[in-house]
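The values are calculated or read from the model by the stated rules, or taken from the named source; none is laboratory data. It should be emphasised that the depicted structure is a prediction, and the values quoted were computed from it without experimental measurement. As a convention, Cβ positions derive from the backbone with ideal geometry for all residues, glycine included, and neighbour counts pool all protein chains shown.
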Amino acid sequence: MSDKLALLLEKMTPQEQAEVETFAAYLITRKTLRNPKHLADDISIQELTNLVVSAGGFDWLTAEGEDIYALEDGKAVEWPTP
């Protein structure tokens, strides 16, 4: 790994580092495909879903720190009367 890349990775948060790792895995996997332009057509929706889930790119959605709002937050929408 280059010194510049190592320095950039050190400045990233763990979440950003995970995104870079996921993208690097994608780049490596893309080389093995016959025709990368038609990735969505070459695999089933289920296979694509499994790939997305296993990559971990959306793990932050279930992180405890992301659930910061409650039903009691904010106020009800008041629609203007005509």
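Odds and ends about this structure:
- Condition broken by Leu7, with the remaining ones in (1) among the hydrophobic types (A, V, I, L, M, F, W, C); (2) modelled with pLDDT under 80; (3) outside any loop (DSSP other than H, G, I, E, B) satisfied: (2)
Residues are listed down the side, and each one gets a yes or a no for (1) modelled with pLDDT of 85 or more; (2) loosely packed, with under 10 Cβ neighbours inside 10 Å:
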| site | (1), (2) |
| --- | --- |
| Met12 | yes, no |
| Gln15 | yes, no |
| Glu19 | yes, no |
| Thr22 | yes, no |
| Ala25 | yes, no |
| Lys37 | no, yes |
| Asp73 | no, yes |
| Ala76 | no, yes |
| Thr81 | yes, yes |
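- Within the range 52-82, the set of residues being of a type in the set (D, E, K, R) and over 15 Å from Ala18 (Cα atoms) comprises Glu64, Glu66, Asp67, Glu72, Asp73, Lys75, Glu78.
- Of all positions in the range 54-66, none carries a residue that is more than 21 Å from the chain's Cα centre (by Cα), in a loop (DSSP other than H, G, I, E, B) and either modelled with pLDDT of 80 or more or within 30 Å of Leu8 (Cβ to Cβ) (or both).
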